Each structure stands twice: as C-alpha cells, then as structure tokens.
Amino acid sequence: MLFNSVEFIALFSAVLLLYFLPTGATARRQNMLLLAASYVFYGAWDWRFLGLIFFTTLSTFLTARILDRHPSRVVAGINIGVNLAILAVFKYFNFFGENLCRLFKLMGWSVDWVFVDILLPVGISFYTFQAIGYTVDAYRGNLKNIDTNNFLLFAVFIAYFPQLVAGPIERAGHIMPQLAKRRLWNGSEAVEGLRRVLWGLVKKIVIADQCGMRVDALWDKGMDGHHGAIGMFVATLLFTVQIYCDFSGYCDIALGISRVLGIRLMENFRRSYFSRSVLEFWHRWHVSLMEWFTQYVYIPLGGSRVSRARHLSNIFIVFLLSGLWHGASWCFIAWGAYWGAVYILARVCGCDSYKNDRSFELSRPYGVVATMSFVVVGLAIFRSSSIEACARLLAWVVPLTALLALALVVAIWLMKHRPVRLAVYALGAISVAAAAVLIPGKVMMWYFLFFAAAVFVCEWKTRHDDVPLYPLPRRRTLRYAVYILLYLAIITAPVSDSAFIYFQF
C-alpha cells in the first residue's frame, strides 16, 4: 500500500474520522486504532510478515521489561542478536552464501550452498533498528520517563504506519511520550501537515517517478547504449535528483500525515543538497540513520574519545555498516567505503569549519559544488548493479563530474565578479539554445525538471533550519492558486507504478 494510492487515502480517511471522535477519545483508544491501522497497512504488503513484526515487538518488549529490573548485558545481547539474525536471514543469507562459495572455489574447494528464495519484508531494516535501539536504551537506563509496562504503547512505537516502512528511524524517548498522551484536533497543525503531504507528493509523483523512468531507460541500455557514456552520466545526474526527491518526499508525507494525527516525527532531511562540506552533508542526509549509528555503534566503539587512528577507524566502520545496511550488494559496501574515505579525508583536511566559522558562508556556492560532486560519484556507485559495471561507469562519471564542477565554479565566479546583466544575458542565451534543441516534442517529456528546479530554489531560499520549508504567498488567493497548480501537476503526471526507493531497504 503506497502513500500515493487510493487504498491508503481510504485507510487514512477512516482512521482520521475515528481518531478525533469528540466522545470517548482517549490515548489508549487512539493507540489501539493506530496499531490496527498499522497492521492493516503492513499486512497489505504481505500478511505473512505480520507474524515477523509481532515477534520482534513481543521479544523486544519482554527483554526491555527484564532489563528494567535487572540490567544484563547478556540478556540485551541475546535480543539484539536475535533481531540481527532475523535481519541477516531475510536480507543477507544468499549474499553471504554466494560469496562464501566464491571464496572456497578460489581455495580449490567445491561447496554446495543452499540458496533460499526469500521475499524481503518491506521496512525490516527500519523497524529492526528501532527495536535494537529500544533494547540498548533499556539496558542503559534511558527509559525512566517511559511506561515500559505498556505493551500497546510499545507496539505502536514499532509499527507506527507513517514511518514504518521507510523511516525516519525514531527513538523511544521522542515518540512514546507523545503516544502516551491523548491527541486533540489542532486545525493549524493539520493544515501545516497537509501542506507537507502535498509537498512530498509533488517530489515523489511529479519529480522522482518521472526521473526514475528516464533513469531506468538509460541504465538498462548501459554504457553500450545509443547515448553511451554521456547517457549514463545524464542518468547519474537524474538519479541524484530522483533519490533525493523520492526519499525526502516520503519523509515529507510521513511527517505531514503524522502531524495531522498530532505526533511530531524527526526531520530526516535538512536541505541536504546545499551542504557546504561532506561533513555537513552527513548531518543533513538521512539524519535518523546517522544518529542511530552514532548512538549505538560509533559511541560504543569509543567515538572520538580514543586515539586519532581509532577515531578515524570508528568513522570508517560506521560508513561501512551503513553501506551494508542498505542491502546485500558489494556496490552498497563500496558506497559505504567510499563515503568513509571521503569523510575521513574531509575531517583530516579540516573541512568542518561550517560549524563555527561564519566566514565560511562566503564560500558556500563553491563548497556546495564540491560536496555535490562527491555525492554524484557516490550515487553512481550506489546505483550500479556490480563492481565491474561500477568501475566502468566511474571511469567516465568521475572526469565528467569534475568538468561539470569546474564549469559551475567558473560560472559562479563570473556572476560574482562581472556585471549581473552579463550573467542574465548568458543564462537567457543558454535557455533559448536549450529550448531550440528540445522544442517541439521533447519539452513536455522533461517538464518535471522545471518542478525539480522550483523545489531546489525553495530549499535554497529556506536553507537555514529555522525557516519554513516551502515559502508561500501571503495573499490567500495566490496561496490557493499554488495549491491548485501543485494538485493538477500531481494528478496529470504520467502514471508510474514505482514504489519508494527505500522500501527495498
């Protein structure tokens, strides 16, 4: 059941009607309704996996109750091991088996490994990580202000449908206190939530899905296709737009739906593509996952309170595990290793001055260009299907990305040091030339890029965290005109059956 489906609209409408009943609406009844809706939502993917999520919920709840009375590293370790084992069987069993067979073959041994055709439960990585985080928090004694004896409360925390299948990965201390209280209807919060839903649907349907169709078409042809390396480079740039609008669009919808229900989820994306350095990028991209790894992997390994070599190795381990978290593929592992190396290099070179140096703002455009160059190369690795294909692609993507970055740097310099009129004329000439090439038929094929440009302009304008995400006209008439325009763009967009990219993780 997708957020942009008729089935979900019907489910959410029914939940909303019952959720804020004026009589008899208590926190317990609201949570019972949320749990029922969450299981219906998850069961719509495959009802057989309801037993799996219920087992994770029950085993983690019982473990936390034991830890609340008698903190035991062994008990916590067993529960964490069970959750990781379930994740490994469904997500990595065949991957590890295949690579073990290859290793033994290189050693001259012939080994028959049993491969199992297992359907990956949607969202298993997200709710498993929430369960593991809850166990660790219970062991550390961080659940003192939470009712750990309330199974219903915990079950809703694990299965809460807005963020169940693709995050953000929430912590119990943030969500469970909100679930413990009765939620009352708040008109202004509901309006803000629906705006966020509309914003997310535009990102998903109008931009990401349309990008995805072009990316898939170009990627299927590969380097030997009609457009060759240039086509694959264009596909990589389009995938950079697609994955951001797809994943951040999902989170926008999740946050908006949850806000209508009176629950605040954490921000998972903070205008990531306008980061001034790779360190800032990883403070703004998939924030919940990086905070999870920081709290439950990086800090237990010693964090920065160890020798410099250990500190850097801890960073590398975190990125390597984050790559493996995304899926059973050497390309995901290579992507994690790539970002670990880039992040360490940035740390060593002292590129984290954005935290405390206001003068760094002066170099923002150049820092953004450099950061996005690393992002594009990383996503070429992420999207590849094999190491061999990845190496062949990078041989073209790296130099082409460097050339594009250099051109952008020169353009930015000219705009800063030459009359604005010249820059306007240059942009106008480029636009006319591009239109002449694309007209007549191909302009409509690429209309989504205009919406993508509008989204990124809005995010640039609101790049400071204390500014609303989407600037709207003050006049009511103009605001409604914008709403109607976005709604028409959504319902007239070419139909695509693509699910959210992060459902597979």
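Any read-out appearing in this document is the output of simple, stated calculations on the displayed coordinates, not a laboratory observation. Here the structure is a predicted model, which is why all the values come from computation and not from measurement. Cβ: placed from backbone, ideal geometry, glycine included. Neighbour counts: every protein chain shown.
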Sorted on mean Cβ neighbours within 10 Å (highest first), peptides 254-260, 77-83 come out as 254-260, 77-83
In nanometres, the difference between 0.36 nm per residue of separation and the alpha-carbon distance of VAL348 and LEU472 is 40.5 nm
The simple spin-label model distance between TRP185 and ILE412, using points 7 Å out along Cα→Cβ, in nm, is 4.9 nm
Between TRP47 and VAL6, the two model label points (7 Å from Cα along the beta-carbon direction) sit apart by a distance in nm of 2.2 nm
Once both label points are put 7 Å beyond Cα along the C-beta direction, the LEU58-ALA341 separation in nm becomes 4.7 nm
